[in-house]
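Following: one structure in structure tokens, then a few remarks.
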Amino acid sequence: MVSKSTLDYYNKQSDQYEQSTFDIDFASIQDSFLKYLKAGALILDFGCGTGRDTKYFLNKGYLVEAIDGSEEMVKIASKNTGIQVKQMLFNELNEVNRYDGIFACASILHVPYKELPEIFERMKQALKDKGIIYTSFKYGDFEGYRGNRYYTDLNEERLMSILETVGDFETLEMNTSVSVIPSRNGEIWLNLIARKQSVTG
């Protein structure tokens with residue numbers, strides 16, 4: 001569960017967050033995900049923030065549904081994308097066999113480590129057979145609060161442990177990258193693209 005203080009942070013800082021992240025060039029990551037999807041595929045932007053990635057995918061001709069736990073982020077993302085973004089927490093995802101891809105960029109990192117297998121399981125259930133997920137975490141093994149936001153950092157070992165617990169995911173890409181936001185001062189991120197292997201539902 002994402003903590004109340006984390007959600008409160010995004011509600012209070014939504015305008016500032018939009019200014020600092022919405023217009024950055026994130027195409028290299030977005031396109032790495034899209035190359036595994038067919039034209040017109042249905043994507044869930046899972047923790048969409050201000051809607052940057054949703055807008056990119058829509059402009060590329062994909063179908064997109066988007067959710068975020070922050071009421072203010074949902075308002076901004078709906079305005080920025082022209083679609084109705086849904087306010088929803090990660091552990092409320094209950095779809096089965098619906099999405100071709102799930103994009104969880106810098107979002108589920110706010111979930112405690114012990115709860116991440118459940119979130120991955122929910123994403124797996126929501127994906128169609130051979131569906132694709134992308135997710136990213138700050139690199140490391142820290143877990144706890146940075147300021148008002150709760151973070152779970154992952155390295156390759158910690159992430160693989162979650163994937164092995166959940167099962168039925170084939171890792172397609174796992175790599176590190178440097179934050180594209182200048183103010184982040186060379187922050188390292190761990191990126192995962194994986195494919196669901198089993199038929200569900």
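The values are calculated or read from the model by the stated rules, or taken from the named source; none is laboratory data. Computed from a predicted model, the values in this text were never measured in an experiment. Heads up, the Cβs are rebuilt from the backbone with ideal geometry, glycines too, and the neighbour counts pull from every protein chain shown.
How many of the residues in the stretch 112-124 are touching a residue at least 40 places away in the same chain (Cβ under 8 Å) and either surrounded by 20 or more Cβ atoms within 10 Å (Cβ to Cβ) or of a type in the set (G, A, S) (or both)?
4
Just give me the residues in the stretch 148-159 being outside any loop (DSSP other than H, G, I, E, B) and touching a Ser or Thr at 6+ places or on another chain (Cβ under 8 Å), in sequence order.
Just the residues of the stretch 148-159 that are outside any loop (DSSP other than H, G, I, E, B), to begin with: 149-152, 154, 156-159.
Passing the criteria: R149, Y150.
Before we move on, is S32 among the small types (G, A, S), out of contact with any His (no Cβ under 8 Å at 6 or more places or on another chain) and at pLDDT 95 or above? Give the derivation first.
On the way: among the small types (G, A, S): yes; out of contact with any His (no Cβ under 8 Å at 6 or more places or on another chain): yes; at pLDDT 95 or above: yes.
Considered against the rule, which asks whether it is among the small types (G, A, S), out of contact with any His (no Cβ under 8 Å at 6 or more places or on another chain) and at pLDDT 95 or above, S32 comes out as yes.
Among the residues in the stretch 176-189, are any over 24 Å from A39 (Cα atoms), modelled with pLDDT of 95 or more, outside any strand (DSSP E or B) and not aromatic (F, W, Y)? Please lay out each step first, then the result.
To start, the set of residues in the stretch 176-189 that are over 24 Å from A39 (Cα atoms) comprises 176-189.
Keeping just the survivors that are modelled with pLDDT of 95 or more gives 176, 188-189.
Now restrict to residues that are outside any strand (DSSP E or B): none.
No.
A quick yes/no check of all residues on (1) closer than 18 Å to S20 by Cα; (2) not in a helix (DSSP H, G or I):
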{"residue": "L37", "(1), (2)": "no, yes"}
{"residue": "G49", "(1), (2)": "yes, yes"}
{"residue": "G61", "(1), (2)": "no, yes"}
{"residue": "I67", "(1), (2)": "no, yes"}
{"residue": "E72", "(1), (2)": "yes, no"}
{"residue": "I76", "(1), (2)": "yes, no"}
{"residue": "D100", "(1), (2)": "no, yes"}
{"residue": "K114", "(1), (2)": "no, no"}
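Only one of T81, T50 is farther than 22 Å from R149 by Cα and touching a Ser or Thr at 6+ places or on another chain (Cβ under 9 Å); which?
Within the list T81, T50, the selection yields T81.
Checking T165 against (1) of a type in the set (S, T, N, Q); (2) in a helix (DSSP H, G or I); (3) touching a residue at least 60 places away in the same chain (Cβ under 8 Å): exactly one of these is not met. Which one?
(3)
One residue is enough: does the stretch 140-159 have a residue meeting the conditions at positive phi and in contact with a Gly (Cβ under 8 Å, 6 or more places away or on another chain)?
No: zero hits.
Those residues that are over 15 Å from the mean Cα position of the chain (by Cα), among the acidic types (D, E) and within 27 Å of A39 (Cβ to Cβ), I need them from the stretch 71-108; list them, please.
Listed by number, the list holds a single entry, E95.
Could you go through the stretch 125-137 and let me know if any residue there is in contact (Cβ under 8 Å) with a residue 60 or more places away in the chain, farther than 20 Å from S70 by Cβ and hydroxyl-bearing (S, T, Y).
Yes, the stretch 125-137 contains at least one residue that is in contact (Cβ under 8 Å) with a residue 60 or more places away in the chain, farther than 20 Å from S70 by Cβ and hydroxyl-bearing (S, T, Y).
Filter the stretch 63-98 for residues that are in contact (Cβ under 8 Å) with a residue 24 or more places away in the chain, hydrophobic (A, V, I, L, M, F, W, C) and surrounded by fewer than 17 Cβ atoms within 10 Å (Cβ to Cβ); which is farthest from L109 (Cα to Cα)?
The extreme case among them is V96.
Those residues that are crowded, with 19+ Cβ neighbours inside 10 Å and either in contact with a Leu (Cβ under 7 Å, 6 or more places away or on another chain) or at negative phi (or both), I need them from the stretch 47-62; list them, please.
Within the stretch 47-62, C48, T50, R52, D53, T54, K55, Y56, F57, Y62 meet the criteria.
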